[in-house]
1. What list of ³J(HN,Hα) values in whole Hz, one per residue of the stretch 89-96 in order, does the Karplus curve 6.51 cos²θ - 1.76 cosθ + 1.60 (θ = phi - 60°) give from phi, with Gly and Pro shown as x?
2. Holding the Cα-Cα limit at 23 Å, pick out from Lys279/Lys353; Lys261/Lys309; Lys133/Lys261; Lys133/Lys154; Lys81/Lys117; Lys133/Lys279 the pairs that are longer than that.
3. Run down the aspartates and glutamates and flag those whose C-alpha is under 16 Å from the C-alpha of Lys158, throwing out any fewer than 8 positions away in its chain.
4. Quick one: net charge of Ala8's neighbours, Cβ under 12 Å, K/R +1, D/E -1?
5. What does the charge add up to near Glu127, with Lys and Arg as +1, Asp and Glu as -1, over the other residues with Cβ less than 12 Å from its Cβ?
6. Work out how far the C-alpha atoms of the stretch 3-130 reach from end to end along every principal axis, then list the three figures in whole Å, largest first.
7. Evaluate Rg over Rh across the stretch 14-69, taking Cα atoms for both radii and Kirkwood's formula for Rh.
8. Lys70: which aspartates and glutamates have alpha carbons under 16 Å from its alpha carbon, excluding same-chain residues fewer than 8 sequence positions away?
Amino acid sequence: MDYRARQAAARQRLEGAGVEALVVAHLPNIRYLTGFSGSNALLLLEAAGAWLYTDGRYREQAKQEVREAKVEIPPKGDLWKAAAQRARRRRRVGMEAEHVTLAQSARWRENWAGNGKNLMPLRGEIEALRAVKEREEITAIQRAVELASSGFAKLTAKLRPGMKETAAAGWLEYQLRLAGAEGLAFETILAGGAHGALVHAHPGGERLPERGFVVVDYGVRLGGYCSDMTRTLHLGEPSRKARAVYAAVLEAQQAAMAAVKPGVACAAVDRAARRVIAKAGWGGYFPHSTGHGVGLEIHEAPRLGAASKERLAAGQVITIEPGVYIPGWGGVRIEDVVVVTERGAEGLTPTPKQLLQL
Ligand code: ZN
Ligand code: ZN
């Protein structure tokens, strides 16, 4: 990972925002800029250099991981005081408004010589850089996606009607760990029958139905990067309605993938999926957006929803995941990870998408 180039790009954005320094408080942004993966850190990025503040637990790890930043371990773990004092001569300082608490901001003001009016709240500066991935990052995401996909076949070999959702999810997660996952990217969603109509259903004591859909949405972390996939399978013989719902979601997913291209509005990709589902008669049953960026975090820029203002760019890695959820009946969602390339969408998820009946 080229931390020097990333910091150079970040410094250009600081110039554009009219600040002399940026206080980076969001850990994934700190990891992106320096390689540090610990759970407590603050980064001060200036034109002249970068300083990473952390605590004594991370002395060794910081030595191993941090690139292109000077590591400091302030006394009493007061990262905010140390960073504010370092930046005392800077007159205009940007702060990650979405990731700083009132208490942290107050601590900064107490120790900073500058006028509080020149503390500029900034949003999404580093996130905008992170949205476009380097080759090495795409490879890391691809590895995570492939590891997760390998778990799906192991799950389908095990799933039976009557199995508890928690047991099925646990078995899947165990297989992912055995295959080398560093962890889960988010809490696994595994929901059968009517429970699958809840978009973010957590596996509970429910037992999988004799006949009906099972939505499985999960992801792993590997090399720091996340994967995200959803497949919906059917236990027993699918009804005519089940086949129709599944076909509509699959067609919507393919339509959205076909709409992906650099320069295309994210909202247009969302519309492409929504149009198919509406035409099939389930327009009122698709309550979430069509996709999101994925990388160091499971949900990152860009967002692919009706209200998105962003446009796609080559090198972005996004999910495409339309769904239909019918209360009291069940849900269907199909989700792949794709790379935005000059030619369109390059799908990374190898698991087949035709209706799978167990
Ligand atoms: Zn997902
Ligand atoms: Zn997703």
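Throughout, read-outs are computed from the coordinates displayed, never taken from laboratory work. A quick note: this is a predicted structure, and the numbers were derived from the prediction, not measured. Here the Cβ positions follow ideal geometry from the backbone for every residue, glycine too, while neighbour counts run over all protein chains shown.
1. Computed from phi, the couplings for the stretch 89-96 are 8, 6, 8, 10, 10, x, 9, 6 Hz.
2. Lys133/Lys154; Lys133/Lys279
3. Glu173, Glu210
4. On the way: positive: Arg4, Arg6, Arg11, Arg13; negative: Asp2, Glu15, Glu68.
So the environment of Ala8 carries a net charge of +1.
5. Values: positive: Arg13, Arg123, Arg130, Arg303; negative: Glu96, Glu98, Glu125, Glu297, Glu300, Glu310.
With Lys, Arg at +1 and Asp, Glu at -1, the neighbours total -2.
6. 37, 32, 25
7. Values: Rg = 11.3 Å, Rh = 11.5 Å.
That ratio equals 0.98.
8. Result set, ordered by chain and number: Glu46, Asp55, Glu60.
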